[in-house]
Amino acid sequence: MAPLPQIVQEKPFSKSQVRVGKGKPLPYGCTQAIKGLNFSILAPDSLAAWFVIEVPSAQENVVTYPGVKGNFLRFQLQSPINRTGNTWHIQIAAPFSLEGLRYGWHIDPEPSDDGEPVFEQPVLDPCARCLSSGGT
């Protein structure tokens with residue numbers, strides 16, 4: 001995959017500056033799209049999905065995970081916009097380089113006592129071409 005052009009941004013970006021589109025169901029995994037990257041995962045019988053990407057440090061609206069270095073943005077996917085059959089999909093474009101992007105999925109997270117989803121570590125994409133330990 002050819003590297004994407006670097007977009008220079010002087011101020012920290014916010015979640016609203018990451019452009020999100022509905023994406024396409026195929027091919028599975030992460031693929032280059034005309035504007036950004038397309039992500040899809042096959043998840044039969046699932047009812048809900050969230051997509052998680054790592055973002056540069058000191059950004060707004062980030063979440064963290066115990067034992068994982070990095071800051072992440074989490075997007076709740078909407079059916080049927082981000083779902084085709086058994087496949088969840090999303091397209092991401094951002095004002096920072098997407099080369100080497102770390103990402104994951106939350107599929108049907110368990111609800112807490114108040115009904116809100118409990119987010120554990122994201123699941124890996126079974127079609128990912130490269131894995132990272134999340135360390136340094």
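The values are calculated or read from the model by the stated rules, or taken from the named source; none is laboratory data. Note that the structure is predicted; figures quoted are calculated from it, not measured. Positions of Cβ are generated from backbone atoms using ideal geometry, with glycine treated the same way; all protein chains shown enter the neighbour counts. The accessibility values were calculated without ligands, DNA or RNA, using every heavy atom of the protein model including side chains. Shrake-Rupley method; radii C 1.70, N 1.55, O 1.52, S 1.80 Å.
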Could you tally the net charge around residue 24, taking each other residue with its Cβ under 13 Å from the Cβ of residue 24, Lys/Arg +1 and Asp/Glu -1?
+3
Taking 0.36 nm per residue of sequence separation and subtracting the Cα-Cα distance, how much length would be gained by fully extending the chain between residue 110 and residue 42, in nm to one decimal?
22.6 nm
Please calculate the 1.4 Å probe accessible area of residue 102, with all protein chains present, and give it to the nearest 10 Å².
50 Å²
Among region 85-128, those whose backbone N falls under 15 Å of a label point 7 Å along Cα→Cβ from residue 35 are 91-96
Diffing region 35-45: the Karplus 3J(HN,Hα) column from phi (6.51, -1.76, 1.60, θ = phi - 60°), in whole Hz with x for Gly and Pro, holds 10, x, 10, 9, 10, 8, 9, 7, 9, x, 6
